[in-house]
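What follows draws every value from the coordinates through simple rules; no lab data is involved. Everything quoted here is computed from the prediction, not taken from an experiment. For neighbour counting, all protein chains shown are included, and Cβ atoms are generated from backbone atoms with ideal geometry for every residue, glycine included.
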Amino acid sequence: MIPKYCVLPVLLALAACQPASTDAASADAKQVDPKQPVDAKPADATPAAEGTGTPALKIATLDGAQYDLASKRGGWVVVNFWATWCAPCIKEMPELDAFDAERADVEVIGLAYEEIAVEEMRAFLKQRPVRYPIALVDTYDPPADFPTPRGLPMTYVIAPDGRIAKSFMGPVTGAELAAVIDAPTGAPVAKPEG
């Protein structure tokens, strides 16, 4: 037999485990839409959500130059978070390099999102060279206007007005980038020979 003074705490605990009611507060809870693409973000998620805000990025590249995303307005920029230990990242590097070389209206920047010494990164890039600039990102202090990558590679396509036109989680191809960049105009701009 259970003493009466033990029944009340048990009943209160059971009441606390009941599903939430469908009041106004529950109606405001965000629902996951299975039809929503993986890379879509709610408009209010961060300033870097697609189509909102103009993310800032000022960072030193491995060649000693200062890279300022704001100075690239008027052209398309592909911001690619990657790491040397990430096989899909390494696989997409030649594709990003070729895309950057082919297109006068596009610039790629690689942000190495890992703890690695500059000398180690330079040695890695000797084995897998790319023409686009590479910068090391402090994993404890990533660029504030970009969400912390949930996985790598993570790529953002920045439109000429400075807004994020599209983001890609996972490897991206030149064809996928071109589909975003060429959608408004329909015509790629080839880099001049020489």
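Counting other C-beta atoms within 10 Å, and keeping those with at most 12, which DSSP coil GluC sites (Glu not before Pro) do you find in the range 87-133?
In loop regions of the range 87-133 (DSSP not H, G, I, E or B), the sparsely surrounded GluC sites (Glu not before Pro) are E115.
May I ask you to evaluate 6.51 cos²θ - 1.76 cosθ + 1.60, the Karplus curve with θ = phi - 60°, for each residue of the range 137-154 and list the ³J(HN,Hα) values in order in whole Hz, giving x for glycine and proline?
Per-residue couplings from phi come out as 10, 6, 5, 8, 9, x, x, 5, 8, 10, x, 4, x, 7, x, 10, x, 10 Hz.
Tell me, what HN-Hα J-couplings in whole Hz come from the Karplus equation 6.51 cos²θ - 1.76 cosθ + 1.60 at θ = phi - 60° for each residue of the range 121-135, using x for Gly and Pro?
5, 4, 5, 4, 6, 5, 7, 9, x, 9, 8, 7, x, 10, 10
Got a sec? Charge dipole of the range 43-182, +1 on Cβ for Lys and Arg, -1 for Asp and Glu; which of G162, I134, T54 is way out at the positive end?
Highest projection toward the positive end goes to I134.
Take every Cα pair under 8 Å in the range 43-182 that's 6+ residues apart, average their separations, divide by the length, and report that relative contact order as a whole percent.
Answer for the range 43-182 is 35 percent.
Test of understanding: what is the full-extension gain from D63 to A123, defined as 0.36 nm times their sequence separation minus their Cα-Cα distance?
Here the segment from D63 to A123 would lengthen by 20.3 nm.
Calculate, in nm to one decimal, what K72 and D138 gain on full extension: separation in residues at 0.36 nm each, minus their alpha carbon distance.
Gain on stretching K72 to D138: 21.5 nm.
What does the convex hull of the alpha-carbon atoms of the range 43-182 project to on average, in nm²?
Answer in nm², one decimal: 7.7.
In whole Hz, what ³J(HN,Hα) sequence does the range 75-84 give by Karplus (6.51, -1.76, 1.60; θ = phi - 60°), x for Gly and Pro?
Those phi angles translate into x, 8, 10, 10, 9, 10, 7, 8, 8, 5 Hz.
For the range 112-173, run through the chymotrypsin sites (Phe, Trp or Tyr not before Pro) and keep only the ones in DSSP coil with at most 13 other Cβ atoms within 10 Å of their Cβ.
Y140
Using the scaling law 2.2 N^0.38 Å as the reference, what is the normalised Cα Rg of the range 113-158?
1.27
Using Cα centres only, tell me the gap between the range 117-181 and the range 87-107 in whole Å.
One Cα centre to the other: 10 Å.
With a cut-off of at most 15 other beta carbons within 10 Å, and DSSP calling the residue loop, which trypsin sites (Lys or Arg not before Pro) in the range 66-103 qualify? Please list them.
R73
Counting other C-beta atoms within 10 Å, which of W76, W85 has the fewest, and how do the rest follow?
W85, W76
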